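Below is one structure, written out as structure tokens, with a few remarks after it.
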Amino acid sequence: MSESCAVPVRKIIKALPKYVPGARGSAGGQFFKLSSNENPYPPLPSVLAALADGALEINRYPDLTASELIHSLAEFLDEDPDRLVVGNGSVALLSHLMDAVLNPGDEVIFGWRSFEAYPIATQIAAGVPVLVPLTADARLDLPAMAAAVTERTRVVLVCTPNNPTGPSVHADELEEFLNSVSDDVLVVIDEAYVEFVRDEAAPDALAIARERANVIVLRTMSKAYGLAGLRVGYAVGHQKIIGAIRAVTTPFGVNGLAQVAAVQSLRAVDELLDRVEAIVQARSRLVAELADQGWELPDTQANFVWMPLGERTEQRAAEAAAAGIIVRPFSGEGIRVTIGEDEALDDFLKLTATWL
Ligand SMILES: *Cc1c(COP(=O)(O)O)cnc(C)c1O
């Protein structure tokens, strides 16, 4: 094997931050994985049955435009199919969006800390990330994000609820923000956790996207619908942007089994949303018990809680791992803990009681 390779790769590649997946724990050990905001419920039997049928056709290419899935989503969301596109997870759609609208050097604004895929996708698409610090209570600072817009700004990413901190933006502040941003700046509302939101002040992003041609909504079937392993996300917005995403995306980006499982999940949506409600109830219990222990944490509207542990972060994450609970540490900042099985949350609460 040759020692070295003379082919140059783009300079940016070496400098990219790495996407850190939630740890999976050591093989053979008994542990709860609360590190990736996954759904703790196993797949629905009806979804497994649809997958078994779908498996009989894996020698064929899937439907290029995922037309049945698009049709099901259009009906479910009451949207025109031309305003919808599906992708290999919403992270893929995010990258396609950037590829479709960014010219080299264009700025992309987002809160920080927020979803770790944002700086990566921005830089791969030759954009320049502009990080705007969160407020003291771990919310997106929309006025500061509006103030950060320059002539070079092409995209603003609004993650709501914000991963990893939890709060949702409010309709009034989002409206004010959108009014202040020029209509040639694309505002992406990333609603990966929207099904878990119970904050009545939260915006109706789909309605906003119908009113404003510069707003695109990203959603995923990975979290609430429990299809993280199959990779299905969707984007909703103006046909021009949706068409541009379609133009840059790799053909057959959503595989056949993913399409089948997503269509069946929309048929079984009531059953899945019952599970979401149970996760929301478990969240309420966890939040209340943490408050009783004396923790003051940011509001969470997602399927996780954020504990800003600062310098203790790595140590606490290691202690949790030793107790069989894998959480997601953000070094020097805090841990994000997914709302998982009741037993996992009980074990976690025993631990947090010793941390104060
Ligand atoms: C999980 C997540 C996504 C996307 O997940 P996919 O599995 O790629 O659909 C997008 N945005 C945020 C903020 C997320 O947390």
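The values are calculated or read from the model by the stated rules, or taken from the named source; none is laboratory data. Just so it is clear, the model here is predicted, and its values are computed rather than measured. Positions of Cβ are backbone-derived with ideal geometry, glycine not excepted, and every protein chain shown enters the neighbour counts. SASA here: full protein model, heavy atoms, side chains in, ligands and nucleic acids out. Shrake-Rupley method; radii C 1.70, N 1.55, O 1.52, S 1.80 Å.
Among the residues of the stretch 227-250, is there at least one that is within 16 Å of the ligand (Cβ to nearest atom), in contact with a Phe, Trp or Tyr (Cβ under 7 Å, 6 or more places away or on another chain) and not polar (S, T, N, Q)? The answer is no; no qualifying residue exists. Scanning the stretch 100-138 for residues that are away from the ligand (no atom under 16 Å from the Cβ), open to solvent by 20 Å² or more (accessible area, probe 1.4 Å) and charged (D, E, K, R) yields a count of 2.
Listed here are the residues, each with its yes/no results for (1) in contact with a Leu (Cβ under 9 Å, 6 or more places away or on another chain); (2) more than 22 Å from Ala192 (Cα to Cα); (3) free of Cβ contacts under 8 Å to residues at least 40 places away in the same chain; (4) open to solvent by 80 Å² or more (accessible area, probe 1.4 Å).
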{"residue": "Cys5", "(1), (2), (3), (4)": "no, yes, yes, yes"}
{"residue": "Val9", "(1), (2), (3), (4)": "no, yes, yes, yes"}
{"residue": "Lys14", "(1), (2), (3), (4)": "no, yes, yes, yes"}
{"residue": "Ala23", "(1), (2), (3), (4)": "no, no, no, no"}
{"residue": "Phe31", "(1), (2), (3), (4)": "no, yes, no, no"}
{"residue": "Pro45", "(1), (2), (3), (4)": "no, yes, yes, yes"}
{"residue": "Leu64", "(1), (2), (3), (4)": "no, yes, no, yes"}
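Just the residues that are open to solvent by less than 10 Å² (accessible area, probe 1.4 Å) and farther than 26 Å from His170 by Cα, please, taken from the stretch 273-322. Of everything in the stretch 273-322, those that are open to solvent by less than 10 Å² (accessible area, probe 1.4 Å) and farther than 26 Å from His170 by Cα turn out to be Thr313, Ala320. Of the set (1) in contact with a Phe, Trp or Tyr (Cβ under 6 Å, 6 or more places away or on another chain); (2) of a type outside the set (Ser, Thr, Tyr); (3) closer than 30 Å to Ile326 by Cα, all apply to Leu44 but (1). Among the numbered conditions (1) free of Cβ contacts under 8 Å to residues at least 40 places away in the same chain; (2) within 17 Å of the chain's Cα centre (by Cα); (3) in a loop (DSSP other than H, G, I, E, B), tell me where Ala213 comes up short. Evaluating Ala213 over (1) free of Cβ contacts under 8 Å to residues at least 40 places away in the same chain; (2) within 17 Å of the chain's Cα centre (by Cα); (3) in a loop (DSSP other than H, G, I, E, B) leaves (2) as the failure.
Out of Pro62, Pro45, Pro81, Pro40, one residue alone is in contact with a strand residue (DSSP E or B) (Cβ under 9 Å, 6 or more places away or on another chain) and modelled with pLDDT of 95 or more. It is Pro40. Does the stretch 16-24 contain at least one residue that is within 16 Å of the ligand (Cβ to nearest atom) and modelled with pLDDT of 95 or more? Scanning the stretch 16-24, I find no residue that is within 16 Å of the ligand (Cβ to nearest atom) and modelled with pLDDT of 95 or more, so the answer is no.
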